[in-house]
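Q: Quick one: the structure is below, and I'll ask about it shortly.
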Amino acid sequence: MTLTQFRSPQLLHVHSGKVRESFRIDASTRLIVTTDRVSAFDRVLDTPIPDKGVVLNELSAFWFGKTADIVENHFITSVDSQAMLVREVLPIRVELIVRGYLTGSMWRQYAQGVRRFSGVSVPDGLARNARFAEPLLTPTTKEESDREITPQEIVASGLVSGDLSSQMETAALKLFASGTEFLRDRGVLLVDTKYEFGVLEGRLILIDEIHTPDSSRFWRADSYEADPAHPFNLDKEYIRAFLLEQKAAAGVTTSLPAEVVDEARARYGRIYELTVGSPPPRSAVPPEHRLYHNLVAHGIIRDGFVAVVMGSPKDADHARRLASVLEGYGVSVDLRVVSAHKNPEDVAKVLAHYADSAEPGAIIAVAGMSNGLGGALAGSTTLPVINCPPFKDGVDLQTNVNSSLMMPSGVPAATVISPQNAAMAALRSLNLPRLKHVFQEEIAATKATLRESDNSIRHDRKASA
């Protein structure tokens with residue numbers, strides 16, 4: 001089971017990265033969901049890796065906590081094994097890469113004769129995977145395709161001030177030294193890594209991720225000692241190496257075979273276990289369902305939503321009556337305006353906002369005369385659609401109700417005239433356990449009231465006889 005995307009109409013989606021999805025909770029807080037997607041060589045592969053998002057999210061949370069004394073970071077709390085709340089920070093569009101060994105893309109360039117990297121000179125005569133006397137700092141820009149940049153160019157280009165640039169360099173080297181020492185005691189070499197920073201109220205803040213197998217290279221120390229040219233890696237380099245071999249043999253591929261997926265999953269799990277001291281947390285619940293329930297438990301989203309879609313702003317009072325009933329049951333309510341006749345091209349855009357939602361949802365269509373809205377919605381969504389036309393009076397109802405009742409085949413839109421009943425029908429269609437209990441109590445109360453009324457009337461009649 002993997003998580004490749006996450007959507008909720010209750011959350012403002014602000015960014016999709018190669019691996020992470022970002023949602024704004026409020027002006028100062030962001031929710032970051034780490035998926036199981038895999039990126040390599042500036043593209044996202046078709047094949048996700050199970051548990052990858054868990055490893056990245058939980059390792060970052062671990063390291064954010066462990067290094068908070070070195071530099072302030074954006075981490076607030078984990079709300080799921082694949083999601084964390086972080087502070088909203090202005091990102092600096094630079095990645096600070098710290099390298100302890102000559103490997104990866106740096107080695108490939110070195111083997112071709114390159115000796116300067118981001119302004120840093122590397123001597124001749126080094127072997128592949130050679131350890132540097134001191135870690136090297138080789139910044140790159142944070143762009144669609146990253147490029148090398150020197151510390152001097154970072155300041156000259158206006159990306160940061162000289163003082164902030166100096167703070168970034170100092171923090172990056174201290175973080176690398178801390179990670180190196182901690183992992184060495186666990187039989188792991190921190191080979192290289194990248195750090196990203198931002199600014200909050202003038203302060204330097206560490207953001208994104210830290211010391212994960214996506215952002216770093218890790219080698220088993222014993223394997224490096226035995227054969228420095230072929231160490232056993234515990235990171236994404238295993239996937240990169242496979243892709244390079246495939247490219248040389250059969251051309252570019254964006255898919256991974258099952259055995260590569262299984263091995264990558266095992267390596268990600270192993271670096272997690274060596275770092276944290278226990279295996280990555282696993283759940284029998286599908287990741288999207290687990291995440292949904294945890295977001296509800298933390299009060300970040302409600303357990304279901306109903307979209308009330310109007311064909312005209314003139315229907316707003318009718319829509320608000322529906323919303324009043326719905327909100328009384330604690331679900332999220334969204335009011336929208338789109339016309340099936342006047343701007344039909346926007347119907348798909350409205351529906352796209354609710355497509356693939358993690359939480360249960362329903363739609364109530366509010367359109368009266370010549371109601372094409374309910375059918376347009378029901379014909380293009382998997383969510384239940386209920387027509388609740390805003391008739392002025394009985395004549396209007398008799399004249400126009402057929403446009404809501406008569407739907408083409410394969411367009412399952414129900415019609416409920418009463419706003420109260422339409423709202424209740426939408427709520428019941430959500431099939432939420434919480435609401436089931438509420439409805440059962442309401443039904444029982446109604447039955448009890450009727451029985452009480454029955455007994456009272458019978459008693460009064462007998463008493464008067």
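Q: Counting heavy atoms of the protein chains only and a 1.4 Å probe, report the per residue accessible area for the chain as a whole number of Å².
A: Values: 22240 Å² over 465 residues.
Counting only protein heavy atoms, the per-residue value for the chain is 48 Å².
Q: Students sometimes get this wrong: rank 336, 267 by accessible area, probe 1.4 Å, all chains present, largest first.
A: Heavy-atom accessible area, descending, gives 336, 267.
Q: Ignoring ligands and nucleic acids, what accessible area does residue 300 show with a 1.4 Å probe (Å², nearest 10)?
A: For residue 300, the solvent-accessible surface is approximately 40 Å².
Q: For segment 39-162, go through all pairs of different Cα atoms, get the mean of 1/r, take its inverse, and jot down that Kirkwood value in Å. Spell out each step's value before the answer.
A: Working: mean 1/r = 0.0577 Å⁻¹.
This gives a value of 17.3 Å.
Q: Any idea what log10 I(q)/I(0) is at q = 0.07, 0.09, 0.12 Å⁻¹ for the chain, Debye with uniform C-alpha scatterers and no solvent?
A: -0.51, -0.74, -1.05
Q: With θ set to phi - 60°, apply the Karplus curve 6.51 cos²θ - 1.76 cosθ + 1.60 along segment 367-379 and write out the HN-Hα couplings as whole Hz, x wherever there is a Gly or Pro.
A: 7, x, 4, 6, 5, x, 5, x, x, 4, 6, 5, x
Q: Can you give the Rg to Rh ratio for segment 169-210, taking only C-alpha atoms and Rh from Kirkwood? Intermediate values should be presented prior to the final figure.
A: Working: Rg = 12.0 Å, Rh = 11.4 Å.
Checking Rg against Rh, the ratio lands at 1.06.
Q: Sticking with this one: Roughly what % antiparallel, to the nearest 5, for the DSSP beta bridges in the chain? Spell out each step's value before the answer.
A: Numbers: 47 of 66 bridges.
Given both bridge residues lie in the chain, the antiparallel proportion sits at roughly 70 percent.
Q: For the chain, what is the calculated [θ] at 222 nm in deg cm²/dmol (nearest 500), taking -39500 (n - 2.57) for each run of four or more DSSP H residues and dividing by its residue count? Don't skip to the end; give the middle numbers.
A: Numbers: 15 runs with 180 residues, N = 465.
Counting only the DSSP helices, I get -12000 deg cm²/dmol.
Q: What part of the accessible area of the chain, given as a whole %, is carbon or sulfur when the probe is 1.4 angstrom?
A: Working: 11480 of 22240 Å².
Reported share for carbon and sulfur atoms: 52 percent.
Q: Residues with beta-carbon under 11 Å from that of residue 141, excluding residue 141: net charge, scoring Lys, Arg +1 and Asp, Glu -1? Intermediate results must be reported in sequence, preceding the final value.
A: Values: positive: 93, 142, 147; negative: 95, 143, 144, 146, 148, 153.
Local net charge: -3.
Q: Oh, and also: Arranged from highest to lowest average of other beta-carbon atoms within 10 Å per residue, in what order do the peptides 141-149, 26-34, 348-356 appear? Let's see the in-between values first.
A: Numbers: 141-149: 13.1, 26-34: 18.2, 348-356: 15.3.
Result, highest mean first: 26-34, 348-356, 141-149.
Q: Here is a further query. Could you tell me which of the pairs 18/66; 392/447; 18/436; 142/349 are separated by over 28 angstrom between their Cα atoms in the structure shown?
A: Details: 18/66 26 Å; 392/447 33 Å; 18/436 39 Å; 142/349 31 Å.
Going by Cα-Cα distance, 392/447; 18/436; 142/349 fall outside the 28 Å limit.
Q: What does the charge count around residue 49 come to, taking other residues whose C-beta lies under 11 Å from its C-beta (Lys +1, Arg +1, Asp -1, Glu -1)? Each step should come with its number before you reach the end.
A: Working: positive: 37, 52, 236, 265, 267; negative: 36, 51, 214, 262, 263.
Net charge around residue 49: 0.
Q: So if I take the centroid of the Cα atoms in segment 149-215 and the same for segment 410-453, what is the distance between those two points in Å?
A: Computed from Cα coordinates, the inter-centre distance equals 56 Å.
Q: State the percent of C-alpha pairs, over all pairs in segment 314-417, separated by a distance greater than 20 angstrom. Mind showing how you got there, number by number?
A: Details: 1988 of 5356 pairs.
Summing the P(r) tail past 20 Å for segment 314-417 gives 37 percent.
Q: Ok, one more. Can you figure out the FRET efficiency of residue 458 with residue 15, using R₀ = 56 Å and their beta-carbon distance, to the nearest 0.05?
A: 0.25
Q: Counting pairs of alpha carbon atoms under 8 Å apart in space and at least six apart in sequence, what relative contact order in percent does the chain give?
A: Numbers: 801 pairs, mean separation 58.9, N = 465.
Across the chain, relative contact order equals 13 percent.
Q: Using a 1.4 angstrom probe on the protein heavy atoms only, line up 192, 208, 185 by accessible area, largest first. Please list the in-between numbers first.
A: Details: 192 10, 208 35, 185 120 Å².
So the residues, ranked largest to smallest area, are 185, 208, 192.
Q: What list of ³J(HN,Hα) values in whole Hz, one per residue of segment 13-22 in order, does the Karplus curve 6.51 cos²θ - 1.76 cosθ + 1.60 (θ = phi - 60°) give from phi, with Gly and Pro shown as x?
A: 7, 10, 6, 10, x, 5, 10, 10, 10, 10
Q: Once amide H atoms are built 1.01 Å from N in the peptide plane, which residues 5 or more positions from residue 210, or in another chain, come under 5 Å H to H?
A: For residue 210, the qualifying residues are 60.
Q: Work through the residues other than residue 18 whose Cβ is under 15 Å from its Cβ and net out their charges, Lys, Arg +1 and Asp, Glu -1. Mind dumping the intermediate values first?
A: Working: positive: 20, 37, 43, 52, 142, 194, 236, 240; negative: 21, 36, 42, 46, 95, 143, 144, 146, 196, 208, 209, 214.
Value of the local net charge: -4.
Q: Helix 162-184 sits at what angle to the longest principal axis of the chain, using alpha carbons and giving 0 to 90 degrees rounded to 10?
A: Around 80 degrees separate the two axes.
Q: Right, here's the next one. Would you please name the trypsin sites (Lys or Arg not before Pro) within segment 159-248 that are DSSP coil residues with at most 10 other C-beta atoms within 10 Å of their C-beta?
A: On the way: sites: 174, 184, 186, 194, 203, 217, 220, 236, 240, 247; in loops: 186, 236.
In loop regions of segment 159-248 (DSSP not H, G, I, E or B), there are no sparsely surrounded trypsin sites (Lys or Arg not before Pro).
The values are calculated or read from the model by the stated rules, or taken from the named source; none is laboratory data. Quick caveat: nothing in here was measured; it's all calculated off a predicted structure. Because the Cβ atoms are built from the backbone with ideal geometry, glycine has one as well, and the counts that use them run over all protein chains shown. These area figures cover heavy atoms from the full protein model, side chains too; ligands, DNA and RNA do not enter into them. Shrake-Rupley method; radii C 1.70, N 1.55, O 1.52, S 1.80 Å.
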